[in-house]
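Peer 1: Please read through the structure below; I'll follow up with questions.
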Amino acid sequence: MTLIEKLKNAIIEVQPKKAEETTHELLTQGVGAAEILNQALIPGMDEVGRLFKEGEYYVPEVLVAAKAMNATLSLIEPLLVQGGVPRRGKIVIGTIEGDLHDIGKNLVSMMLKGAGYAIIDLGVDVNANQFVEAIQNEQPDYVAISALLTSTMVNIPHVIQSIRTAGLRNRVRVLVGGAPLTQAYAEEIGADGYAPDASEAVSLVRQMDQARAGT
Ligand code: B1M
């Protein structure tokens, strides 16, 4: 079994310590962050999701698997967030009200940080007022909202409406993402952009920066 398979299995078998140790071994061997993410962590978590959906795993197993994933993500963070990247804009990010999923948001934050953006992470279960306050206090260029549940993604339009009501809508671009969201939904609710994953989130922000610079 390769080390990458060992790491993927450690996530699936819900073994945080083994996941951390294997990640250390992979990093020592010079394996890159993208390979660790795309070939071990994300497929491992997808399998956990499948087992959960089929009733083989319950919330406690998924929680520990998530803990393992967040711990390994923080180990590869230095590779994703390498120094020397020129400072770009500021981004406020958070998981929408009612939603406690933060792995995807953390990954998006790390990749954007790695691309040179200053990140203000509001955490999980963030309501419309908290987003509005953060925009007033931090004056970001973008607000990124993550939702992982079909029952919580419907809270995003409320945030956009609150930003509009506070008179801040033309000061900030609203970006959305998370497994149940789509480009069509983003357009329907009046978001400025949608990204299906963390690297697309970086491309999206860069494209928007270029478009702004050109106007
Ligand atoms: Co929950 N959960 N969960 N869960 N969980 C899902 C999402 C689910 C699909 C599982 C399933 O049924 N197969 C299902 C949702 C069904 C639905 O609504 N359609 C579900 C459910 C039902 C629930 C509960 C309701 C279960 C219950 O209590 N009965 C409950 C809800 C709690 C709450 O939030 N109020 C719940 C709880 C939990 C845990 C707490 C146990 C745990 C979260 C722990 C944590 O995050 N710290 C958990 C987990 C881990 C999952 C799964 C297994 C994994 C999610 C994940 O981290 N994926 C998930 C099943 C699955 O996705 N396979 C599931 C890895 C991550 C890298 O991907 O988050 O998609 P993702 O992020 C991607 C993209 O989506 C995108 O980029 C990221 C990186 O590439 N992206 C953005 C995300 N945010 C973005 C923002 C952007 C751009 C891109 O801004 C511009």
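Peer 1: Residue under question is S203, and the condition is that it be at pLDDT below 95 and surrounded by fewer than 20 Cβ atoms within 10 Å (Cβ to Cβ); does it hold?
Peer 2: Numbers: at pLDDT below 95: yes; surrounded by fewer than 20 Cβ atoms within 10 Å (Cβ to Cβ): yes.
In short, yes.
Peer 1: If you take the residues of region 90-135 that are near the ligand (Cβ under 9 Å from one of its atoms) and of a type in the set (D, E, K, R), which of them is surrounded by the fewest Cβ atoms within 10 Å (Cβ to Cβ)?
Peer 2: Checked region 90-135; the qualifying residue surrounded by the fewest Cβ atoms within 10 Å (Cβ to Cβ) is D125.
Peer 1: I'm checking my understanding of the structure. Among residues of region 50-85 that are near the ligand (Cβ under 8 Å from one of its atoms) and touching a residue at least 12 places away in the same chain (Cβ under 8 Å), which one is surrounded by the most Cβ atoms within 10 Å (Cβ to Cβ)?
Peer 2: A65
Peer 1: Kindly evaluate T72 against the criterion of being of a type in the set (S, T, Y), in a helix (DSSP H, G or I) and on the phi < 0 side of the Ramachandran plot.
Peer 2: Taking the combined requirement at face value, the residue satisfies it.
Peer 1: State yes or no: is L79 within 18 Å of L37 (Cα to Cα) and modelled with pLDDT under 90?
Peer 2: yes
Every residue, every condition in (1) among the charged types (D, E, K, R); (2) more than 21 Å from the chain's Cα centre (by Cα), yes or no:
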residue	(1), (2)
E5	yes, yes
I12	no, no
V31	no, yes
P43	no, no
Y58	no, yes
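Peer 1: Pairs only if they're at least six apart or on different chains, beta carbon under 9 angstrom, first in region 184-200 and within 24 Å of L80 (Cβ to Cβ), second surrounded by fewer than 17 Cβ atoms within 10 Å (Cβ to Cβ) and of a type in the set (D, E, K, R); list them, first residue then second.
Peer 2: If the second residue must be surrounded by fewer than 17 Cβ atoms within 10 Å (Cβ to Cβ) and of a type in the set (D, E, K, R), the pairs left are Y194/E187; Y194/E200.
The values are calculated or read from the model by the stated rules, or taken from the named source; none is laboratory data. All values derive from a computational prediction rather than experimental measurement. Neighbour counts run over all protein chains shown; Cβ positions are idealised from the backbone, glycine included.
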